[in-house]
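Trainee: Dumping the structure here so I can ask a few things about it.
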Amino acid sequence: MARKLPPLNSLRAFEAAARLESFSLAADELCVTHGAVSRHVQQLESWLGRPLFERYNRRVALTKSGSNYMAEIGASFDRIALATSEQMRTGQQRVLRVSAPSTFSLRWLVPRLSSFQFVNPNIEVRLSTSNDPIERMRDIDIIIRGGPQNIEGYVAAEFLSEIRFPVCSPKLLEGKKLKQPADLANFTLLHAATYPSMWPDWLAAAGCRELAPRHSLTLEHFYLTLQGALDGLGIAMGPTALVADDIAEGRLVQPFEAPVLPPWRYFTYVPVSRIDDHPTRAFTDWLQSTGTTEALAGE
């Protein structure tokens, strides 16, 4: 059965005028006259049998019917533009802009990124590190942050979670006793300036709120505390996702099985306008698959 569609030029004129809230601006965008836009809109209104705009001296405003119609038409035009762009870019290198926290990027994302590139050779990932609020990020396709956060204009999806516990180099324990949390009084604790409450929260959960370590060392970034633990400088708090490879390969050990801090959850935040973009979906699907595989492996 043939689709019942209004004149497509009228739809283009209506969408531009509704989006720009001006017949004149729509005419400039479409490279036609103001009168042409007006005639196309009148033709569409006649075809539908109802007014779509309220006309004023120097501006126009959508009627309720016009607003409802624009919600559907605008989304359709966005999908057409995206599909057209995809067809034009097929076989070409695509750039995917990703923003993630520095420690997560260094210790989890980058070591796994080659598996994504292997199956997506036409997508170039441009990774930047930042902890800036999502609302400040511009021209970024995928933002990785903790969550959940409800940000207008973004679609959030969890792909990884982790618990946090003390970790250290096995060399640090040679000839030293570390059987219970109270024994931490004989060691150096490594703190991250960006997460000042992590050790106090863990010590409180372990029943050692007032414990005074032999030394305390505060480093600016979280990844510096993990590097310090690897080098035998002291004991750091280690998120499972970020230290799993080091524990598996014996570079770090977990002195205590309990307690652990509650799960921290990683989310992707994707602008609504990019949610159906092929490179974006390929990357978010890869994150979901990788996170699920590692979660199952850790059970």
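Values quoted throughout were computed directly from the atomic coordinates according to the rules given, and no laboratory measurement underlies them. All figures in this text were calculated on a predicted structure; none of them were measured in a lab. So basically every Cβ, Gly included, is an ideal-geometry build from the backbone, and we count neighbours across all protein chains shown.
Trainee: How much length would be gained if the chain were fully extended between Ala193 and Arg112, taking 0.36 nm per residue of separation minus their Cα-Cα distance, in nm to one decimal?
Mentor: On the way: separation 81, 0.36 × 81 = 29.16 nm, distance 2.67 nm.
So the extension gain works out to 26.5 nm.
Trainee: For the chain, what is the relative contact order in percent, using Cα pairs closer than 8 Å and at least 6 residues apart in sequence? It would help to have the intermediate numbers written out before the result.
Mentor: On the way: 429 pairs, mean separation 58.8, N = 299.
Dividing the mean separation by the residue count of the chain yields 20 percent.
Trainee: Mind listing which GluC sites (Glu not before Pro) in the range 74-174 are in a DSSP loop and have 12 or fewer other Cβ atoms within 10 Å?
Mentor: Those satisfying the criteria are Glu152, Glu174.
Trainee: What's the angle, to the nearest 10 degrees (0 to 90), between helix 278-298's Cα axis and the longest principal axis of the chain?
Mentor: With both axes taken from Cα atoms, the answer is about 30 degrees.
Trainee: While we're looking at this one, here's another question. By counting other Cβ atoms within 10 Å of each Cβ, how are Arg265, Arg58 ranked from fewest to most? Write down the numbers at each step before the final one.
Mentor: Details: Arg265 14, Arg58 6.
Exposure proxy ranking, most exposed first: Arg58, Arg265.
Trainee: Each label point is 7 Å from the Cα along the Cα-to-Cβ direction; what then is the distance between the points at Leu217 and Thr63, in nm?
Mentor: Label at Leu217, label at Thr63, 7.4 nm between them.
Trainee: Which label marks the calculated value of P(r) over Cα pairs in 10 Å bins from 0, in percent, given the options (1) 6, 29, 36, 22, 6, 0; (2) 6, 28, 32, 20, 10, 3, 0; (3) 5, 21, 21, 18, 13, 9, 8, 4, 1?
Mentor: (3)
Trainee: Could you name the aspartates and glutamates in cross-link range of Lys179, using Cα to Cα under 13 Å and dropping any fewer than eight places away on the same chain?
Mentor: Here the aspartates and glutamates satisfying the reach criterion relative to Lys179 are Glu257.
Trainee: Stretched out fully, how many nm does the piece from Lys177 to Arg55 gain, at 0.36 nm a residue minus the Cα gap? Intermediate values should be presented prior to the final figure.
Mentor: Details: separation 122, 0.36 × 122 = 43.92 nm, distance 8.20 nm.
This chain segment gains 35.7 nm when fully extended.
Trainee: Now for a different question. Taking 0.36 nm per residue of sequence separation and subtracting the Cα-Cα distance, how much length would be gained by fully extending the chain between Gln43 and Phe77, in nm to one decimal? Can you show the working numbers first?
Mentor: Values: separation 34, 0.36 × 34 = 12.24 nm, distance 1.92 nm.
Result for the pair: 10.3 nm of gain on full extension.
Trainee: Size of the range 173-299 along its principal axes in angstrom, Cα-based, largest extent first?
Mentor: Largest first, the range 173-299 extends 54, 27, 26 Å along its Cα principal axes.
Trainee: Now for a different question. Between Cys208 and Val272, what FRET efficiency comes out of the Förster formula 1/(1 + (r/R0)^6) with R0 = 45 Å and r the beta carbon distance, rounded to 0.05? Present the calculation step by step, with values, prior to reporting the outcome.
Mentor: Numbers: r = 47 Å, r/R0 = 1.04.
Efficiency, from the Cβ-Cβ distance: 0.45.
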